[in-house]
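A.B. asks: This is the structure I have questions about; it appears just below.
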Amino acid sequence: MSATLPELLKKVGGLDQERVDDCLRLQRDTGQGLDKILLQKGWMDEAAVLKLFGAYLGYEFRPELRVEVVPADFMKKVPVQFARSYNLCAVGRLDGVLQVATCAPMDVHPMDDLAAMVGEEVEPVLAPRAEITTLINRSYKHQADLVDEALDHLEDEDIVSLSAEIEEGEDLLDVAHKAPIIKLVNMVLFQALKMRASDIHIHPYADRVQVRYRVDGILYDMEAAPKKVHDAIVSRVKVMGKMDIAERRLPQDGRATLRVGQGDVDVRISTVPTSYGERIVMRLLDKTMRVLKLEEIGLDEDHLTTISKYLQYTHGMIFLTGPTGSGKTTTLYGALARMDSKKLNILTIEDPIEYNIEGISQVQVNEKKGLTFATGLRSFLRQDPDVMMVGEVRDRDTADIAIRAALTGHLVFSTVHTNDSASTVTRLLDIGIEPYLVSSSLLLVIAQRLLRRICPRCRTAVVPDKAMEKKLKACGLVPAVFPDGKVMVGTGCDFCFGSGFVERIAIYEMLEIDDVVKEQVMDRANATAIKRSAIERGKLRTLRMDGIQKVLKGVTTIDEVLRVTQQD
């Protein structure tokens, strides 16, 4: 400790003398630790605070605890409730001393109590609170977990008490002194976020309540709770979403904002009554996720050149198409983020606003108040826009306004639900838009799907068996086109939860509306004819063709390509 703490706060933490004095005064007046004061003030994030105090106290800082193994004797001696309440968990031994992860370096009393419990010397290791919570959940999962705690302590009056107002932006990691059922729901939400789940399904059966997570587009069965806690879980989730806990016969929708450490998570909640009780689906939108750049989401050089060309246009219509959850919004945000928002007036109307982009005005649809895509788009035209983004074209009215805006000197982006790029052109004609309006306004149609990426930790080159050879042949491939005749697959590991895949990558199909396509639109040609003509002219690479390119590069598997694409 060669440097004093105030010196470190200025030198490492970047605080000025006034803020340092303010921290020291608050410490004297409140008795709080400096680490907690810095986090409350928001002057430093958690990782920076832990690094600073690690340097000051001489403790090791570990940003991740993914590979650490908790000693078995620690779990026998230390109750899970104590570990969770004080965020303390052993991460191994070094020179006969038990190393214990903590996120509160200045809070020494719980560490002393822990040393007494285990009966040996302990040494603190600093780690983020979310990492410690994950390690505790993972390590204690075979022992009395939160489901058992909820069963042991859940009384009938707990369900009534859940109707109390919850804190705005409640922290999922703050489970100390919470009611057991609140701990249970928080654990379900937190585990889903750690597994990168996009949705949580709480599905009641005759004898149990099954929790399922959708990870990278695939549903996985996770924890199962006894049927008797179902009503308490539903009531808790409804309270979070500010829904009517007494209404059990009608579907309801709600929304909540939660905190995980320093980050916010938006949760959209939907309930429907079923024969075994109310079923809940929660969609998770992690606000800490940054907007991905176009270069990071699967666009190759040709596709990147194409989309970059059209982003320079001052007017026209660009459509993205694909089913729900195919990454259309991510691509749109990547395109908008690429534009110069200082020189351009960019407006969006969305349902919901998934991520906030600096310099862009984003409007949330509110149909109850009469703010629809169509009415929002009309009002945008009086806001002197350069670029507009409409979350989705659902009807003729919205399509008509969007296309007329594109014709009057605005660049307009939108999405639509069709199977491929050519079908989007014919869909606009089918909903009643005149062919001359479509041909003169439309610039580019992008169809996309998401494929799971092979896990980087367990990716292995294997010689394809007969079943895989058959699948490769269905896509026009033979083992000889791969290096050494071996194909990349994921064998499954703890990092990818045994699936062999981590995260996803997009495949694209881009149809440029050139003179030939414009003539076909005027002649009302069908989607098959438009697509076939574009392929023959070398102007279109289909979704399956793009997927095959990613299989050849070892990014994904042939099974994934066959799962999400149709025969060309």
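A.B. asks: Suppose every Lys and Arg Cβ carries +1 and every Asp and Glu Cβ carries -1, with no other charges. What dipole size does the chain come out with about its Cα centre, to the nearest 20 debye? Let's see the in-between values first.
C.D. replies: Working: 74 positive and 84 negative charges, 346 e Å.
The calculated dipole for the chain is roughly 1660 debye.
A.B. asks: If you don't mind, another one. Per the chain: cysteines with no other Cys C-beta under 4.7 angstrom?
C.D. replies: By the Cβ distance rule, which asks for a partner under 4.7 Å, the isolated cysteines are Cys23, Cys89, Cys103, Cys475.
A.B. asks: Divide by every residue of the chain the summed helix terms, -39500 (n - 2.57) for each DSSP H run of at least 4, and state the resulting mean residue ellipticity at 222 nm, rounded to the nearest 500 deg cm²/dmol. List each step's numbers first, then the result.
C.D. replies: Working: 23 runs with 217 residues, N = 568.
Helix contribution divided over all residues of the chain: -11000 deg cm²/dmol.
A.B. asks: Which one, Ile346, Ile37, Asn186, projects farthest toward the positive side of the charge dipole computed for the chain from Cβ point charges (K/R +1, D/E -1)?
C.D. replies: Of Ile346, Ile37, Asn186, it is Ile346.
A.B. asks: With just the Cα atoms defining each centre, how far is the range 538-557 from the range 311-360? Give it in Å.
C.D. replies: After rounding, the separation between the Cα centres reads 25 Å.
A.B. asks: If you work out semi-axes √(5λ) of the Cα gyration tensor in Å from the coordinates, which of (i) 47, 29, 27; (ii) 39, 25, 24; (iii) 36, 30, 23 do you get?
C.D. replies: Only one option fits the structure, namely (i).
A.B. asks: Do you know the relative contact order of the chain, to the nearest whole percent, from alpha carbon pairs under 8 angstrom that are 6+ apart?
C.D. replies: Contact order relative to length: 8 percent.
A.B. asks: Hey, what's the range 39-139 come to in accessible area per residue, 1.4 Å probe, Å²?
C.D. replies: Here the residues of the range 39-139 average 45 Å² of exposed surface.
A.B. asks: Counting other Cβ atoms within 10 Å, which GluC sites (Glu not before Pro) in the range 267-366 have at most 11 and lie in a DSSP loop? Provide the component values of the computation, followed by the final result.
C.D. replies: Working: sites: Glu278, Glu295, Glu296, Glu301, Glu350, Glu354, Glu358; in loops: Glu354, Glu358.
Those satisfying the criteria are Glu358.
A.B. asks: Provide the FRET efficiency to the nearest 0.05 for the Arg382-Ala529 pair, computing r from the beta carbons and using R0 = 41 Å. Don't skip to the answer; put the middle values down first.
C.D. replies: On the way: r = 40 Å, r/R0 = 0.98.
According to the calculation, E is roughly 0.55.
A.B. asks: Given a Förster distance of 22 angstrom, what is the FRET efficiency for Thr306 paired with Leu344, based on the Cβ-Cβ distance and rounded to 0.05?
C.D. replies: Details: r = 20 Å, r/R0 = 0.93.
Between Thr306 and Leu344 the formula returns 0.60.
A.B. asks: How big is the gap, in Å, between the Cα center of the range 390-453 and the Cα center of the range 229-243?
C.D. replies: Answer, in whole Å: 40.
A.B. asks: For the range 185-273, with only Lys/Arg (+1) and Asp/Glu (-1) charged at the beta-carbon, what is the dipole magnitude about the Cα centre, in debye rounded to 20? Let's see the in-between values first.
C.D. replies: Working: 15 positive and 11 negative charges, 29 e Å.
Result for the range 185-273 is approximately 140 debye, rounded to the nearest 20.
A.B. asks: Another question about this same structure. Taking the alpha-carbon centroid of each part, what is the distance from the range 187-205 to the range 467-510 in angstrom?
C.D. replies: 27
A.B. asks: Further question on the same structure: Work out the charge dipole of the chain with +1 on the Cβ of Lys and Arg and -1 on the Cβ of Asp and Glu about the Cα centre, then indicate which of Ile280, Gly490, Ala72 is farthest towards its positive end.
C.D. replies: Of the candidates, Gly490 comes out farthest on the positive side.
A.B. asks: Here's something else I'd like to know. Largest first, how would Lys550, Lys309, Lys531 line up by accessible area (1.4 Å probe)?
C.D. replies: Lys309, Lys531, Lys550
A.B. asks: Given a 1.4 Å probe and the protein chains all in place, what does the accessible area of Val281 round to, in Å² to the nearest 10?
C.D. replies: The accessible area comes out at roughly 40 Å².
The values are calculated or read from the model by the stated rules, or taken from the named source; none is laboratory data. Nothing here was measured: the structure is a model prediction, and the numbers come from that model. Virtual Cβ from ideal backbone geometry, glycine too; neighbours counted across all protein chains shown. Ligands, DNA and RNA are stripped out before the accessible areas are found, and what is left, the full protein with its side chains, is counted by its heavy atoms. Shrake-Rupley method; radii C 1.70, N 1.55, O 1.52, S 1.80 Å.
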